[in-house]
There are 2 protein chains.
Amino acid sequence: MFELIHTEGRARVGKIETAHGAFRTPAFMPVGTQGSVKGICPRELREMDVPIILGNTYHLMIRPGLETIRRFGGLHGFAGWTGPILTDSGGYQVFSLAALREISDAGVAFRSHVDGAPLFLGPREALDAQAALGSDIAMLFDECPPWTADASALARAVDRTIAWARESRRAIDAWRGTGGVIPPNQRHFAIVQGGGSAELRARCASELAAMDFDGYAIGGVSVGEPEPMMLDAIDITEPHLPPGKPRYAMGLGMPAQIIELVARGIDLFDCVLPTRMARHGSAFTWGGTLHLHNAHLAQDPSPIESGCACYACQTFSRAYIRHLLKSREILGLRLVSLHNLHFYMSLMTEIRDAIARGCFGQFRQDALARLRSCEITGDIEDAAP
Amino acid sequence: MFELIHTEGRARVGKIETAHGAFRTPAFMPVGTQGSVKGICPRELREMDVPIILGNTYHLMIRPGLETIRRFGGLHGFAGWTGPILTDSGGYQVFSLAALREISDAGVAFRSHVDGAPLFLGPREALDAQAALGSDIAMLFDECPPWTADASALARAVDRTIAWARESRRAIDAWRGTGGVIPPNQRHFAIVQGGGSAELRARCASELAAMDFDGYAIGGVSVGEPEPMMLDAIDITEPHLPPGKPRYAMGLGMPAQIIELVARGIDLFDCVLPTRMARHGSAFTWGGTLHLHNAHLAQDPSPIESGCACYACQTFSRAYIRHLLKSREILGLRLVSLHNLHFYMSLMTEIRDAIARGCFGQFRQDALARLRSCEITGDIEDAAP
């Protein structure tokens, strides 16, 4: 499913093929938590050349429920999105959000936060759930400990993550053989845990790599940890990932972080920041983050970002968008969300072009200088879960 | 500005020309209270062939303020809408919403509900405000009494409405003569008051007609009164309006009401119901109002309305839209708003076609039978202000 096309240092341009279309990496996946990228319709996503979106298994199994989505032929049919979809395993949310959870070596028993119904997620249940969702890329069930976990908790999480990956491998192979359950073109990515421990990360990555999954994610990042710790976790993990498979940094990140992670060999990203920042009235620009609630923009006739090709910037002034946000008009956050997603798509295009031309090193230096005022490290925590 | 093209009984098809384009009547104006039709962008309005939108002077003078909008060349430039705009005078809101208002023969002194700033609206101020907004059709300042007002309060409101219209006429002629203040192509509609009194309605209409404005509205309807009283107010007023000018029933109405009002010679309508009902999860269809929160729609694969050409119906199921509404996803109310506005636009097209073909009588009978479950009379009150 993955083809490596260009490299410059550790940065890579690749191509991922899925049953719902191919796209180039490095790529950013907008998050459609409940089957909708907040405020944006599929037509707008296509117009922005969004290559792939992410759906959250935990939220969708709770509402509307997997059987509803299965009846619609999966999330593509249910949500009207015809492009590629990656689903998470539900593990991260069940560990961080679910009420009354009981964790065992078999998985996690918990209750729905909507109606209190008893639910269970383990490696097989997470695969089955994502088979119902019909995603193009499914994530394995893993244990994501808090970033403050001690060494023994980290080791136990790695042990469980490896054991669950082994069980997932067996289930995928068995179910594939019988021609049932798992969609024939669905791909599976394993998740490397291990916190800040180089030894645990290396062991987890090597064991998972030996099981030959279709791609590898680095988990346990973007969970509230300081940025240097996140970059360190990537640095100690990436050398142990097979170079011929896509690598995905889960839940990341700010524009400057994405550039730094591409430089460290990462191919895939997802983050709620483009739409979440929009709901707070903050727009991403190459000149830094623009806070549209600011009074000095009340008469500003310029677009959010001069030269930007998005519908918001082609049509409306900062003053009008600020007015909409102040008046709590839904169109305001729609327009800022559109701009922010467009900004991320443009960023990824520029990154791919720079690597393809062999000038990513220079691009990285220039872009980070331009984006420096974008770096709001406090927002990493806000981005979870 | 107005040309009568077809008539059938009292029902009329006409054409209104404005500086921002021409459109056919009967026509429905979506309401953009704060410079935005809630949740919908101008591109979507154009795609639905929305002929004209309405802006609220009271809300816009309070936020962002008239000077801001004047600086952007009016509401067209500020809000990115290039089609025709009608603005109300602010009178209705200032009588019903404003805090600490003091009414005199000169107008109404009140305070901003946003920052408490002292403001004043009278006939000249309302014209000046709408000149700043640069609307294609401006409404005269009138006094709209509650529907429960007694005879003397109704008579006083009619006296003031006539006196203010006379002052407006003088101001328009004087300002036009000097080449300033009022945009050269702006048109002005007077508003007939008089409640349920045939004598007051006739007097008000005749006096205003003698002043030769560009169009005439029937006010004091859709202010909480029972539907038969509303229809009666239209019936007693309409014969006194000049047939060669457009007639506008302010704040109306439900689909069945619009058909009834067209049958009574009305050409223009505005109402918040398409977007307000959408926010409550209710969709207009030819089979009645569909309440999308209903549990029995949770697995329903059909669109809101079979055969509907709107983006929501062409792309999404009732089950998905219900899921979005239950999950409080913004896309849910966007899609229902789109459908509801599209329904109103289709309704108006069918009405115009029926009149043009001389079969409006039959259309009215058939349509009212199909729409009967749409008639939720309690929502008339909800529609104000």
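Here B:Ala198 yields copy-to-copy label distances, from shortest upward, of 9.7 nm, the label point defined as 7 Å from Cα along Cα to C-beta.
Each other copy holds its own label point for B:Met211; taking that point as 7 Å from Cα along Cα to Cβ, the gaps run 8.0 nm, nearest first. Helices meeting the span-like rule in chain A (full DSSP H runs, Cα extent of at least 20 Å along the helix axis, mean Kyte-Doolittle score of 1.6 or higher) are absent.
Distance from the C-alpha centroid of region B:42-90 to that of region B:146-222: 23 Å, rounded to the whole angstrom. Close amide H pairs (under 5 Å, H built 1.01 Å from N) link B:Val192 with B:Ala217, B:Ile218, B:Gly219, residues at least 5 positions away or on another chain.
With a 10 Å cut-off around each Cβ of A:72-78, the average count of Cβ atoms from other chains is 2. What does the net charge come to around B:Leu66 if you take all other residues with beta carbon closer than 15 Å to its beta carbon, with K and R at +1 and D and E at -1? Combined, the nearby Lys, Arg, Asp and Glu give -1. Counts of other chain beta carbons within 10 angstrom of each beta carbon in peptide A:319-332 average 6. Note on region A:16-150: dipole from Cβ charges, positive end direction compared against A:Thr148, A:Gly73, A:Leu97; the farthest Cα belongs to A:Gly73.
A:Arg24 sits among other residues whose Cβ lies under 12 Å from its own Cβ, and their net charge, with Lys and Arg +1 and Asp and Glu -1, is -2. Note on A:Ile5 and A:Asn185: with the Förster distance fixed at 22 Å, the Cβ-Cβ geometry gives a FRET efficiency of about 0.55.
With the simple model of a label 7 Å out from the Cα in the direction of the Cβ, A:His296 to B:Ala210 spans 5.9 nm. Placing a label point 7 Å from the Cα of A:Asp49 along the Cα-to-Cβ direction, the residues of region A:282-315 whose backbone N falls under 12 Å of that point are A:309. For the residues B:Arg372, B:Arg364, A:Arg247, a 1.4 Å probe over the protein chains yields an accessible-area ranking, largest first, of B:Arg372, B:Arg364, A:Arg247. Per-residue Karplus couplings for region B:103-115, computed as 6.51 cos²θ - 1.76 cosθ + 1.60 with θ equal to phi - 60°, are listed in order as 9, 9, 5, 7, x, 10, 8, 8, 10, 4, 6, 8, 10 Hz, Gly and Pro entered as x. Peptide B:27-37 shows a mean partner chain C-beta count of 3 within 10 Å per residue C-beta. Projecting 7 Å from Cα along the Cα-to-Cβ direction, the label point of B:Arg111 sits 4.8 nm from its equivalents in the other copies, listed shortest first. The mean sequence distance of close C-alpha pairs (under 8 Å, at least 6 residues apart), as a share of the length of chain A, puts its relative contact order at 17 percent. Highest GNM mean-square fluctuation among A:Val158, A:Val192, A:Val108, for chain A modelled with Cα contacts below 10 Å: A:Val108.
Calculated accessible area for chain B comes out at 35 Å² per residue, all protein chains present (probe 1.4 Å; ligands, DNA, RNA ignored). The B:Thr148 and A:Phe120 beta-carbon pair, evaluated with R₀ = 56 Å, returns a calculated FRET efficiency of approximately 0.40. Of all chain B C-beta atoms, the nearest to the rotation axis linking B with A is recorded, alongside its rounded Å distance, as B:Ile330, 3. Charge tally around B:Asp115: other residues with Cβ under 12 Å, Lys/Arg +1 each, Asp/Glu -1 each, net +3. Each part reduced to its alpha carbon centroid, region A:315-335 and region A:236-289 end up 27 Å apart. Toward the positive end of the charge dipole of the protein assembly as shown, with +1 on the Cβ of Lys and Arg and -1 on the Cβ of Asp and Glu, the farthest Cα among B:Thr25, A:Ile182, A:Ala249 is that of B:Thr25. With R₀ fixed at 30 Å, the C-beta to C-beta distance from A:Glu350 to B:Arg279 puts the FRET efficiency at about 0.15. When peptides B:258-271, B:345-358 are sorted by average Cβ neighbour count within 10 Å, with the highest value leading, the order is B:258-271, B:345-358.
Annotation: amide H-H contacts under 5 Å for B:Ala27 (H modelled 1.01 Å from N, sequence separation of 5 or more, or interchain): B:Leu268, B:Phe269. Within straight-line reach of B:Lys38, meaning a Cα separation under 23 Å, sit the following lysines at least 8 residues removed in sequence or on another chain: A:Lys38, A:Lys326, B:Lys326.
The values are calculated or read from the model by the stated rules, or taken from the named source; none is laboratory data. For clarity, every value in this text was computed on a predicted model and none was experimentally measured. In this analysis, Cβ positions are derived from the backbone assuming ideal geometry, glycine residues included, and neighbour counts consider all displayed protein chains. Heads up: the accessible areas ignore ligands, DNA and RNA and are worked out on the full protein's heavy atoms, side chains in. Shrake-Rupley method; radii C 1.70, N 1.55, O 1.52, S 1.80 Å.
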